[in-house]
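Have a look at the structure below before the remarks.
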Amino acid sequence: MAGRKGREGQMLESVYSVLALVFILVACVELYDAATVLDVYRLIQYDLAGVPFGSRFANLNHHAGSFPFRSGADLSRTVVVIPVRELNMTILQEYITQKQRLGGLLLLLPQKFSFEHRGENGGQTYGKHVMQKVAELEKLLIHANLPYPVYFGFEDDKIDEVLADIKKNDATDQHSTATIGGYKFVVSTPEPKKVSSAIIANIQGWLPGLKADGDVNQLPTIAIVASYDTFGAAPALSVGSDSNGGGVVALLEIARLFSRLYSNPKTRGRYNLLFGLTSGGPYNYNGTLKWLRSLDHRVRESIDYAVCLNSIAPSENELWMHVSKPPENVHIKHLFEGFSNVAKDLGVNINLKHKKINISDARVAWEHEQFSRLRVTAITLSELSVPPELLDSTGGLYDKGHFGDRTAVFRSAKLVAESLARHIYAPLGKNVQIFADGSSLAVNPSYINSWLDLFSRTPRMAPFLSKNDPFITALKRELAEHIAEVHVQYELLDGMFSFYDSTRARLNVYQVASVTFDLLLLLALGSYLILLFSSLVIVTRGVDDLIGIFRRPPSRKFKTA
């Protein structure tokens, strides 16, 4: 009897084990098999004067669909996957302006989409076409309010295979759903939180000039300024090689060259040089304004003129000198003449463009306007002929830089350095070359290239940079290598801008079985379990016991009787 009870206990334990195993298998089927994992970068989320812009959500958990959209389809629970090179901007713009809902949007960028791109897809033409499309896309997205998650990713073999399957299913009207199956895109990340107390850091360097014996007057000062931070559709991808990486690198090279000149009292000029690496450039040059206001008033009043560098890598050897004072102003005429003379020697054409400041307008189009508002003569040197709109042309996705532009950065750095030198050492004559090629004071292409490489892979949106960010530390350390008096000023970003975190995530792509398949599998497993259980009971306890299990027990009233 005891042996029989032991066998029954073992049998029940076996049945329970099989049941547990089956339930685990069913649970696994109800989940899905991972197809690939992709690094993705969320569309910027920010508020401007309390008005929301960008993507307002971060979590994804929907089936995937392809582009173009199906006419009249409900896509509120679908993640639409679009390679940017296949994007129809008109359709997407209509969809966004009509405020139609999506479960999510994944935009796939090519691995290489720069001017030097070569390949079977059109070579240089393909690169320009994609760059233009990315620029249009970015401008559309950063000025829209999108009530769903929007992510950027990069094409690779795995995601291309997934997308090919999705397109194949969509082409046969087998769109991914819970009943049909397909692919499911999942991003699990905390909901975005507002970045509190966004900080901007301005880096200042001071290179003193040489005073004559007995001279008690303060020397005049020349300021060289460049804004280093960026703004773009994806904060984690906004590297801004051209806007304004080239300007910052040129400033560092100019500081290196003049530090060598000023290290010897015999060649030190009778001008102080003030170097400013400013933050908050995309936000009306908010950092520049705060930096200028924090300067000692004697230093500010000693500034003879300021040169602001902004996007100085022209593809057609043409630069623009933007000014706020009329072109007839004697200081402006002198500056333009000096820069033009050097530019001619370098094969560069400089144009002068005057834009009067409207004090009542909150928009600050150029960095030099912050100087002009404080009555300091200043110019902006740029490849852009017209000022960009707010938050445009500030180092976004399309600004990847390319090798051809690097030659332009070398040339622009030499143009500015030589123009400053001829102004400082005017008694030597107009045609004297201080930074001649091949000399010990020549512009160093290797130095510029190394810094451009760093800028081309370093996102630097000010609200997401901490005080101790390695990039800011690197800029300060590099300036201090050449200039003794360097310090960093920390300020709060203007309150009209608010930003939200959660800028990057991991996208899990799952291949999901259909519900029909799950039900059939569950039915098969259930039938197998019933047969297995029945066989075990018959073998160990007999047919009568098996029938007794399914026999309805007598009612309580019958038992009482």
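The values are calculated or read from the model by the stated rules, or taken from the named source; none is laboratory data. Note that the structure is a prediction, hence the values are computed from the model and not measured. So basically every Cβ, Gly included, is an ideal-geometry build from the backbone, and we count neighbours across all protein chains shown. What goes into the accessible areas is simple: the full protein's heavy atoms, side chains included, and nothing from ligands, DNA or RNA. Shrake-Rupley method; radii C 1.70, N 1.55, O 1.52, S 1.80 Å.
Of the residues making up the range 68-89, those that are under 24 Å from the mean Cα position of the chain (by Cα) and not acidic (Asp, Glu) are Val79, Val80, Val81, Ile82, Pro83, Val84, Arg85, Leu87, Asn88, Met89. Pairing residues of the range 320-335 that are within 15 Å of Leu420 (Cα to Cα) and assigned by TED's automatic domain parsing to the domain that holds Ile222 with residues that are open to solvent by 20 Å² or more (accessible area, probe 1.4 Å) and part of a strand (DSSP E or B), at Cβ distances under 8 Å and at least 6 apart in sequence or on separate chains, gives Met321/Asn351; Met321/Leu352; Met321/Lys353; Ile332/Leu352. A count restricted to the range 245-261 and to residues that are open to solvent by less than 10 Å² (accessible area, probe 1.4 Å) and of a type outside the set (A, V, I, L, M) stands at 5. Residues satisfying the criterion are absent from the range 360-371 (criterion: on the phi > 0 side of the Ramachandran plot and basic (Lys, Arg)). Say whether the condition of being at positive phi, touching a Leu at 6+ places or on another chain (Cβ under 8 Å) and surrounded by fewer than 19 Cβ atoms within 10 Å (Cβ to Cβ) is met by at least one residue in the range 196-219. Taking every residue of the range 196-219 in turn, at least one turns out to be at positive phi, touching a Leu at 6+ places or on another chain (Cβ under 8 Å) and surrounded by fewer than 19 Cβ atoms within 10 Å (Cβ to Cβ). If you go through the range 85-113 and keep only what is buried (at least 19 other Cβ atoms within 10 Å of the Cβ) and assigned to a helix (DSSP H, G or I), you end up with just Leu92. Is one or more of the residues making up the range 128-145 open to solvent by less than 30 Å² (accessible area, probe 1.4 Å), modelled with pLDDT of 95 or more and in a strand (DSSP E or B)? No - not one qualifying residue is present in the range 128-145.
Could you please let me know if Val416 is modelled with pLDDT of 95 or more and either within 24 Å of Thr288 (Cα to Cα) or of a type in the set (A, V, I, L, M, F, W, C) (or both)? For Val416, the condition - modelled with pLDDT of 95 or more and either within 24 Å of Thr288 (Cα to Cα) or of a type in the set (A, V, I, L, M, F, W, C) (or both) - is met.
Which of the residues that make up the range 210-229 are of a type in the set (S, T, N, Q) and at pLDDT 95 or above? Before you say what the answer is, go through the steps one by one.
Step one: filter the range 210-229 for residues of a type in the set (S, T, N, Q), giving 217-218, 221, 227.
Listed by number, the residues that qualify are Thr221, Ser227.
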